[in-house]
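To start, the structure under review is shown below, and the notes come after it.
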Amino acid sequence: MIQLVFFIAFGLGAAAIGWMGATFMEVSPLGLAVIAVIAGVYGIGFIELIQFRRATATLTRALAGLTASRAATLERLDDWLASLNPTLQGPVRLRIEGERTGLPVPVLTPYLVSLLVMLGLLGTFAGMVDTLKGAVTALEGTTALEAIRAGLSAPIGGLSLAFGTSVAGVAASAMLGLMSTLSRRDRLLAVRQLDDTSTRWLGQFSLVQQRQDAYRALQQQSQGLPALIDNVQALVSHIGTMSDTLAYSLSAQQERWHETTADTFATLARSVDQSLKDSLAQSARLAGESLMPVVQAAMQEIRADLAQQTQAW
């Protein structure tokens, strides 16, 4: 319904501009030029409002498609914001997070609404100047009453047409203002719906909710801190007991190792001693056996020499 009223208002403003343009078509080129400027300004305002309404429509559709189940499955707010117009993503994010930031509004339209009235007045003033100029020419040209009437008829007729620019400007300004008001109303309704939806379903992305969650987590951690301290103390006591047990076990193992090592070295010493004795005895026997033939040969030579000496004597 609002959209229908919006386009009806645009049609009325465009019809007023077209009507005045047709009136000036063959009568006043200056008035026609002013009407053309008014039409251009009106079109610029209409385009901005169309873009503004399209952006609002993306927010309205996104809010209409958001349900409790879908909101519960949202892990990142960007996934939902991606469906919005780029000009709304930042402000909507801030509003969901708890910042009461206003959404963008039309920038040019408020100025254009006033500009249309000024353009209409400008055309009227220009027409009045032209009319007065023609009246002065008619009055200065003759002193006859009938001639003056005939001379003033054309300028006065043009004066009525000069006010047509004001009609076009005021009508366009009124319709553009109405369209702007309807567009801002739609945006206001969308913002209210956004706030309501944020409170009900998008609260997990609010900075206030996140701070509350962090505070609850800290409370839970603080409640579990005494139990953690008890567990740490029990662990320290257990580690101390294990340390004492380990020290005793290491000491006993070290004593056993020393005893085992001493026995091993004693056995090794006896084994080495016996091995040396056996080796020396065997070496002495072998040496004696090897020297026996030499000694025997030497004794035989000594005996032979003694026998020869005895015979010589």
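The values are calculated or read from the model by the stated rules, or taken from the named source; none is laboratory data. Please read all numbers here as calculations on a predicted model, not as lab measurements. Cβ atoms come from the backbone with ideal geometry, glycine included; neighbour counts cover every protein chain shown. Ligands, DNA and RNA are excluded from the accessible area calculation, which covers all protein heavy atoms including side chains. Shrake-Rupley method; radii C 1.70, N 1.55, O 1.52, S 1.80 Å.
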Seminar exercise, completed: In segment 7-93, the trypsin sites (Lys or Arg not before Pro) that sit in a DSSP loop and have at most 13 other Cβ atoms within 10 Å of their own Cβ are 76
Seminar exercise, completed: Stretched fully, the stretch from residue 284 through residue 67 gains (0.36 nm per residue minus C-alpha distance, one decimal, in nm) 67.1 nm
Problem set entry | Segment residue 4-residue 170, length gained on full extension (0.36 nm per residue, minus Cα span) | 57.6 nm
Exercise. Calculated FRET efficiency, residue 94 and residue 238, Cβ-Cβ r, R0 41 Å, to nearest 0.05?
Worked result: 0.20
Seminar exercise, completed: Length gained if residue 22 through residue 272 is fully extended, taking 0.36 nm per residue and subtracting the Cα-Cα distance, is 76.4 nm
Exercise. Beyond 24 Å, what percent of the Cα pairs of segment 1-115 remain?
Worked result: 46 percent
Exercise. Over segment 37-110, what percent of the accessible surface lies on carbon and sulfur atoms, probe 1.4 Å?
Worked result: 59 percent
Problem set entry | Efficiency of FRET from Cβ geometry, residue 230 and residue 200, R₀ 45 Å, rounded to 0.05 | 0.60
Seminar exercise, completed: With label points set 7 Å from each Cα along the Cα-to-Cβ direction at residue 295 and residue 181, the distance between them in nm comes to 15.0 nm
Seminar exercise, completed: What one gets for segment 240-313 as the Kirkwood radius, inverse of mean 1/r over different Cα pairs in Å, is 18.3 Å
Exercise. Tell me, what % of the accessible area of segment 245-313 is carbon and sulfur with a 1.4 angstrom probe?
Worked result: 62 percent
Exercise. When only the heavy atoms of the protein chains count and the probe is 1.4 Å, how do 179, 292 rank by accessible area, highest first?
Worked result: 292, 179
